[in-house]
Amino acid sequence: MLKMSARSTTHQQLDRVDAAVRSAGVGVYLNPLPLGELVWNENTKAHFHLPPEARPTIELFYERLHADDRERVRRSVQDAVDGRREFNEVYRTVGPEGGTKWIHGIGRVLRDSLGVATQFDGITLDVTAAISAQQQLRAFADSAPAILWVTEADGLCSFLSRGWTTFTGQEETAGLGFGWLEMVHPEDRPDAEAAFRDATARGVAFALEHRLRRPGGAWTWVIDAGQPRTGPDGEFLGFSGAVTDIHERRLAENALRRSSERYSRLLESIDQGFCVVQMLLDAQRRPVDYRFIETNEVFERQTGLHRPAGRTARELVPQLEEFWFETYGRVALSRQSHRFTHGSEAMGRWFDVFASPIGEPELLQVAILFQDVSQRVEQDRRLRQSEERYRGFLASSTEGIWRMEFVPPVPTGLAADEQVEAIFDRGRFAESNDVLARMYGMASSGQLLGQGLDLL
């Protein structure tokens, strides 16, 4: 009778509590101990797929739990009754037709003055929607091409997608807090940690490039970027971010940088001028100018043009001849290299030039390697003039003029008679005028060339 009276009182208490919380969807249970027949409100019954008139028991409670959760919840209930800890579990309930709900159950045990457990009371909440959303978020995060993560305001990592374990071999739980730093390369770790803590302290976005350890021990370059999360009043809640594999890009950048360094050293080591120009065309695609994209130091010495990068040829040399625009334009448009020597009156110089197309065709860029050959051209001009004067002198002279060569040369250390003998033996006419030839009955100097002194 006392037992029935206690349960009757419990039902009355449940009715009063139920009236207050029913509309909020909160389940309430006031279970007298020892557990047998249970006292639940309609919401708790619904959480276990039961109709309002059902009379639940502890056996039915365990029966409706998902098989994978049943033993864990059983231990938790016993721990609460034994006073080891309060009951706080998330578990699944399964209905007769297989429907599943996620339930968050919270309970505490009441004891009498002697410490004997007399009541197990608590609430249940249907968190199916929240768990489903979390599962969808987890599925999205786990399928994303990048590793997704979340940190709190104090900087502690509270979420890592499954990609973290796949990428690094470290369990997600081990990477939480600041555990993720253990996977950062020792050389990169101090800077990465300092930059992350600074961004957290200031609540600003960040992007870090560092190396992460792979399961096999290799190191891979990644970019770790985070954006601030804020609350309704603008308060900083932490970061959400992603880790993206940039290893191939980083390797390509390093290779490009090394190539660029070698390229720069090569350009500065040669004694020829070098430049890259971009042709500028008019509406009819005719070359009208070109812009200097890149030059080496020798360029200025060879051309006399200062700080050409970014400027056009017409800007630097307003009177520059059309030849240069036409020639470089033809190289850019035809994609055919061209070598030539040409002078510029506007620049007062002669150049030996090799021009070659470079880059994608639509860029219309030409690489030009050249040498200022003004001095050589001037020397050639003077030599030609001297040669012309000499030829004119030979042709106009009334005296016989000749030049001989001795093959092999005649040693001057020989006795005089031996030298004379060697001269007659080895000497050959290398040059003469027509006057000399006619003296010996020949029509022209050409008949005399190569003949020996014995001919005379």
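Please go through region 145-169 and give me each residue that is within 15 Å of residue 226 (Cβ to Cβ), small (Gly, Ala, Ser), open to solvent by less than 50 Å² (accessible area, probe 1.4 Å) and at pLDDT below 90, ordered by number.
Selection gives 146, 161.
Given the options 333, 305, 320, name the one that is touching a helix residue (DSSP H, G or I) at 6+ places or on another chain (Cβ under 7 Å) and farther than 23 Å from residue 271 by Cα.
After ruling out the rest, the residue left standing is 320.
I need every pair where a residue in region 366-389 that is without any contact (Cβ under 8 Å) to a residue 40 or more places away in the chain has its Cβ under 7 Å from the Cβ of a residue that is open to solvent by 80 Å² or more (accessible area, probe 1.4 Å), sequence separation at least 6 or different chains.
Hits for this filter: 373/350; 374/350; 377/350.
For region 230-245: of the residues being in a strand (DSSP E or B) and open to solvent by 40 Å² or more (accessible area, probe 1.4 Å), which is farthest from residue 156 (Cα to Cα)?
245
Select from region 94-111 the residues that are modelled with pLDDT of 90 or more, crowded, with 17+ Cβ neighbours inside 10 Å and more than 16 Å from residue 29 (Cα to Cα) and list them in ascending order.
94, 101, listed by residue number.
Check residue 316 against each of (1) in contact with a Pro (Cβ under 7 Å, 6 or more places away or on another chain); (2) open to solvent by less than 30 Å² (accessible area, probe 1.4 Å); (3) of a type in the set (A, V, I, L, M, F, W, C) and name the one condition it does not meet.
The number of the failed condition is (2).
Hey, could you check region 287-313 for residues that are out of contact with any Cys (no Cβ under 7 Å at 6 or more places or on another chain) and among the hydroxyl-bearing types (Ser, Thr, Tyr) and say which is surrounded by the most Cβ atoms within 10 Å (Cβ to Cβ)?
So, considering only residues that are out of contact with any Cys (no Cβ under 7 Å at 6 or more places or on another chain) and among the hydroxyl-bearing types (Ser, Thr, Tyr), the one surrounded by the most Cβ atoms within 10 Å (Cβ to Cβ) is 290.
Quick check on region 350-357. Is at least one of its residues without any contact (Cβ under 8 Å) to a residue 40 or more places away in the chain, more than 28 Å from residue 375 (Cα to Cα), crowded, with 16+ Cβ neighbours inside 10 Å and not β-branched (Val, Ile, Thr)?
Checked region 350-357: at least one residue is without any contact (Cβ under 8 Å) to a residue 40 or more places away in the chain, more than 28 Å from residue 375 (Cα to Cα), crowded, with 16+ Cβ neighbours inside 10 Å and not β-branched (Val, Ile, Thr).
Could you list all residues from region 404-429 that are touching a Lys or Arg at 6+ places or on another chain (Cβ under 8 Å), assigned to a loop (DSSP other than H, G, I, E, B) and open to solvent by less than 80 Å² (accessible area, probe 1.4 Å)?
408, 410
Would you kindly identify the helices (runs of 4 or more DSSP H) lying entirely within region 292-403 that contain at least 2 residues that are closer than 15 Å to residue 279 by Cβ?
Passing ranges, in order: 313-316, 322-334.
Go through (1) of a type in the set (S, T, N, Q); (2) farther than 30 Å from residue 301 by Cα; (3) open to solvent by 40 Å² or more (accessible area, probe 1.4 Å) for residue 432 and report which single condition fails.
Unmet condition: (3).
Considering every residue within region 273-282, establish whether at least one is open to solvent by 60 Å² or more (accessible area, probe 1.4 Å), on the phi < 0 side of the Ramachandran plot and not polar (S, T, N, Q).
No, region 273-282 contains no residue that is open to solvent by 60 Å² or more (accessible area, probe 1.4 Å), on the phi < 0 side of the Ramachandran plot and not polar (S, T, N, Q).
Determine if region 208-222 includes at least one residue that is touching a helix residue (DSSP H, G or I) at 6+ places or on another chain (Cβ under 7 Å) and of a type in the set (S, T, N, Q).
Yes: one or more hits.
Given 445, 396, which one is polar (S, T, N, Q), in contact with a strand residue (DSSP E or B) (Cβ under 8 Å, 6 or more places away or on another chain) and either without any contact (Cβ under 8 Å) to a residue 24 or more places away in the chain or surrounded by fewer than 14 Cβ atoms within 10 Å (Cβ to Cβ) (or both)?
445
What's the number of the only condition in (1) open to solvent by 90 Å² or more (accessible area, probe 1.4 Å); (2) out of contact with any Leu (no Cβ under 9 Å at 6 or more places or on another chain); (3) in contact (Cβ under 8 Å) with a residue 12 or more places away in the chain that residue 85 fails to meet?
(3)
Regarding region 359-367, can at least one residue be identified that is farther than 24 Å from residue 294 by Cβ and open to solvent by 60 Å² or more (accessible area, probe 1.4 Å)?
No - not one qualifying residue is present in region 359-367.
Test residue 227 against the stated conditions and say whether it is open to solvent by 60 Å² or more (accessible area, probe 1.4 Å), polar (S, T, N, Q) and in a loop (DSSP other than H, G, I, E, B).
Criteria not met by residue 227.
Is there any pair linking a residue in region 181-198 that is under 16 Å from residue 170 (Cβ atoms) and part of a helix (DSSP H, G or I) to one that is basic (Lys, Arg) and open to solvent by 20 Å² or more (accessible area, probe 1.4 Å), with Cβ under 7 Å and at least six apart or on different chains, and which?
181/189; 183/213
With the checklist (1) touching a Lys or Arg at 6+ places or on another chain (Cβ under 8 Å); (2) free of Cβ contacts under 8 Å to residues at least 60 places away in the same chain; (3) open to solvent by 60 Å² or more (accessible area, probe 1.4 Å); (4) of a type outside the set (Val, Ile, Thr) in hand, flag the one item residue 248 doesn't pass.
Going through the list (1) touching a Lys or Arg at 6+ places or on another chain (Cβ under 8 Å); (2) free of Cβ contacts under 8 Å to residues at least 60 places away in the same chain; (3) open to solvent by 60 Å² or more (accessible area, probe 1.4 Å); (4) of a type outside the set (Val, Ile, Thr), residue 248 breaks only (1).
Confirm whether residue 245 is closer than 15 Å to residue 149 by Cβ and either of a type in the set (Asp, Glu) or within 20 Å of the chain's Cα centre (by Cα) (or both).
yes
The values are calculated or read from the model by the stated rules, or taken from the named source; none is laboratory data. The structure presented is a predicted model; accordingly, all values stated were derived computationally and were not measured. FYI the Cβ positions are ideal-geometry reconstructions off the backbone, even for glycines, and counts take in every protein chain you see. Only protein heavy atoms, including side chains, enter the accessible area calculation; ligands, DNA and RNA are left aside. Shrake-Rupley method; radii C 1.70, N 1.55, O 1.52, S 1.80 Å.
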